[in-house]
Amino acid sequence: PIKFCLHHSNSNEYFVREIDRNDGCALKVKQCFLGDVGCVVWDAAIVLAKYLETKQFYDPSSGVNVWSGRTVLELGAGTGVVGLMVATLGAQVIVTDLEDLQTLLKMNIHENQALINSGSITAKVLKWGEDVSEFLPHPDYVLMADCIYYEQSIVPLVESLKLLCGPKTCIVCCYEQRTEGVNPEVERQFFELLQQNFCCEEIPSEKQDPEFSSPDIHILHIRRKA
């Protein structure tokens, strides 16, 4: 994959995608014209970001804010849009991805800093399957958007989830179901392995953002088995 765009900041190599928040402000997320899967905002990331600001989580008019003061870790954050959304809602967020996505993540954090008041957001490198001690104690939430597509990453990803998640951690996983190539098999392997230690609950579409949801994008709440 071409990693060129991550190391040069000429503005013509980026294009901005705006994601409107319910309060009328918009997150401005830079993506790359060239580059690997982490450089673009995937549909599943937007569906997840918008789900996390639905009224069950965040409703200023009735004083509901599940995110206020919560610790949140995003895996495979890519452009960082999901983590940015909950940081603007008051969460203490760490967005993680590989080394070569840190520039883009940090740029997007900088770009949206003005929208973050009571929350916070930091970008760090986390390689799945490796030491996670710097991300402990266990976060309240682990967020994942479209992280299930490389066969070789299934085992390390589940390994990381087992290390990162305590009995009270809720994983919110959003993925686009893809029917071509190895995708169905990779999904099957992931959930088979995951269900040895975790239980999954699928979130019905009526609990998702009415505008930003799709029949082939699934949101799950995943928790450790007691």
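The values are calculated or read from the model by the stated rules, or taken from the named source; none is laboratory data. Note that this is a predicted model, so its numbers are computed, not measured. Positions of Cβ are generated from backbone atoms using ideal geometry, with glycine treated the same way; all protein chains shown enter the neighbour counts. What goes into the accessible areas is simple: the full protein's heavy atoms, side chains included, and nothing from ligands, DNA or RNA. Shrake-Rupley method; radii C 1.70, N 1.55, O 1.52, S 1.80 Å.
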Number of the exception - Thr71 against (1) among the hydroxyl-bearing types (Ser, Thr, Tyr); (2) touching a residue at least 24 places away in the same chain (Cβ under 8 Å); (3) under 17 Å from Lys207 (Cβ atoms)
(3)
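Can you report the number of residues in the range 177-226 which are part of a helix (DSSP H, G or I) and either open to solvent by 40 Å² or more (accessible area, probe 1.4 Å) or touching a residue at least 60 places away in the same chain (Cβ under 8 Å) (or both)?
Looking only at that region, the number is 9.
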Any residue in the range 18-32 that's open to solvent by less than 20 Å² (accessible area, probe 1.4 Å): show its pairings with residues that are outside any strand (DSSP E or B) and polar (S, T, N, Q) at Cβ separation under 8 Å, as long as the two are six or more apart or on different chains.
Leu27/Thr88; Leu27/Asn112; Val29/Thr79; Val29/Asn108; Val29/Asn112; Gln31/Thr79
Qualifying residue in the range 60-83 (condition: in contact with a Phe, Trp or Tyr (Cβ under 9 Å, 6 or more places away or on another chain) and on the phi > 0 side of the Ramachandran plot):
yes
Can you run down the residue pairs with Cβ atoms below 6 Å, 6 or more apart or on separate chains, where the first is in the range 101-116 and on the phi < 0 side of the Ramachandran plot and of a type in the set (S, T, N, Q) and the partner is open to solvent by less than 70 Å² (accessible area, probe 1.4 Å) and not in a loop (DSSP other than H, G, I, E, B)?
Gln102/Ala123; Thr103/Leu6; Asn108/Val29; Asn108/Lys30; Asn112/Leu27; Asn112/Leu84
Could you check the range 121-176 and list, in sequence order, the residues that are without any contact (Cβ under 8 Å) to a residue 40 or more places away in the chain and of a type in the set (Ser, Thr, Tyr)?
Thr122, Ser133, Tyr150, Ser153
